[in-house]
1. With n ≥ 4 as the cut-off for DSSP H runs, can you work out [θ] at 222 nm for the chain, using -39500 (n - 2.57) per run divided by the number of residues, rounded to the nearest 500?
2. Using the alpha-carbon centroid of each, what span in Å lies between segment 21-66 and segment 187-231?
3. So for each of 169-182, 148-161, 239-252, 344-357 I average, over its residues, the number of other beta carbons within 10 Å; can you give me the resulting order with the highest mean first?
4. Amide H to amide H under 5 Å from Cys92: which residues, 5+ apart in sequence or cross-chain, H placed 1.01 Å off N in plane?
5. Measure nothing but the geometry: give the 0 to 90° angle between the long axis through the Cα atoms of 126-139 and the longest principal axis through the Cα atoms of the chain, rounded to 10°.
6. Which whole-Hz couplings ³J(HN,Hα) result when phi for each residue of segment 243-248 is put into the Karplus expression 6.51 cos²θ - 1.76 cosθ + 1.60, θ = phi - 60°, listed in order with x for Gly and Pro?
7. Expected output is a single nm value to one decimal: the length gained when fully extending between Glu98 and Gln250, i.e. 0.36 nm times separation in residues minus the C-alpha distance. What is it?
8. With label points built 7 Å along Cα→Cβ from the Cα atoms of Thr28 and Asn345, find their separation and express it in nm.
Amino acid sequence: MAILLLGLLRILSKLAKSSRADKLQRLTNADTLRGVFELNFAPLNRAAREGAPIDCAEGMIRRFFPLMSGWIADHMENVTQHGIKSNACPLCEVPPEELGSRAGHHRARDYARYECYERENPYLDSETQDAAHTRYTNETHGMKRGQNIFQGPVRVSTPDLHRPDMLHTIYLGLFKQMMDWIQGFLKKHVRQQAFDNTWKALPTYPGFFVHTKAYREVTQWQEREMRNLGRCFLRVLAVALRQPDSTQVQPVRGALTWVRSLLDFIMMAQYRSHTPESISYMEEYAPQFHETKDIFLEFRISKRTQEKADELRKELRRQRAHMREREPPSARRRIRDNDRDEVNNQRMELIHSESNFNFVKMHLISHFRDQSYMFGNISMYSTEYGELAHKEQIKDRW
């Protein structure tokens with residue numbers, strides 16, 4: 001893959017959501033970004049319409065019509081450039097509340113329809129802007145009005161520009177999330193030290209880099225390190241979770257099944273070429289991944305849910321303590337133990353009812369099967385190749 005630098009865009013500071021001035025500045029930034037891309041797309045559009053001469057290998061000069069075939073970027077860049085919300089899929093119109101479920105049949109995004117809606121429903125004045133914007137975003141499932149930079153290129157199907165990203169979707173996305181959940185699981189079952197001891201005891205061999213620090217001591221992980229970790233992680237986890245007691249057998253079995261299905265899916269997804277058999281393996285691992293992921297649901301707790309759970313626990317403890325004062329001293333200890341179990345059960349019920357796996361990178365892997373059929377080698381579209389160009393082409397120029 002060859003990478004050629006076309007231009008550098010200055011990254012502006014983050015803006016607040018409450019200030020009206022910041023909202024106007026955000027709209028100005030979006031218009032400026034779209035104008036810059038229109039300027040860069042102009043030569044490509046002109047060549048796509050009129051053609052351009054090119055020297056062929058046999059010495060002939062022929063007219064060719066270049067087209068944009070793909071756009072390699074991480075999810076947040078696609079959010080900005082496609083004009084969608086951060087919890088929306090650039091490929092399909094999946095609702096936010098279904099991002100963590102198994103792949104369903106969702107309508108593919110039709111950016112031409114969104115553009116027609118913009119032309120037919122322009123903003124009338126500032127008073128009706130908010131209402132019109134609300135109707136527009138609700139109807140088009142997470143689109144932002146007037147912020148899609150791909151409306152200008154000629155003969156380009158915007159949904160087909162999206163490419164799978166192994167770096168940010170898998171290794172720095174879903175894989176990193178998995179490690180956070182695993183750390184919570186190990187802490188709950190008092191296995192963190194066993195995991196660290198096994199991790200540091202791995203022997204070296206060619207092509208495998210062994211860390212001298214425990215996993216918890218590493219502050220920042222790179223893609224190469226995450227890929228290296230994936231090669232041995234299941235075996236390290238199995239050793240750390242060996243000989244579980246009777247209360248840990250089912251959770252340990254579910255955790256190992258989930259990790260194995262995810263790692264198997266990742267290994268198959270990064271094949272350099274695919275056959276119907278290899279894709280059938282991906283179709284087999286994906287359901288196992290979704291069927292067993294609930295074992296980590298309690299570690300997907302948000303700050304708001306954590307605060308509600310802590311308040312619930314304090315309130316229940318206060319009520320139970322008041323009730324235990326009426327009991328004789330001989331029965332208070334037994335009642336206190338029963339109350340503790342009941343409080344923990346109600347707390348876990350609240351966490352399970354409000355926690356979910358509805359984040360977009362959990363959903364993006366559901367498109368890997370179709371993308372493997374379309375592109376064959378989906379690893380070649382990973383943003384890691386662009387990251388390698390940062391040092392010489394971007395940082396030096398900057």
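What follows draws every value from the coordinates through simple rules; no lab data is involved. All of these numbers come straight from a predicted model, not from anything done at the bench. Note that each Cβ is placed from the backbone with ideal geometry, even for glycine, and that neighbours are counted across all protein chains shown.
1. -17000 deg cm²/dmol
2. 45
3. Top to bottom by mean Cβ count within 10 Å: 169-182, 148-161, 344-357, 239-252.
4. Arg109
5. On a 0 to 90 degree scale, this one is about 70.
6. 6, x, 7, 5, 7, 9
7. 52.0 nm
8. Here the answer is 6.0 nm between the modelled labels.
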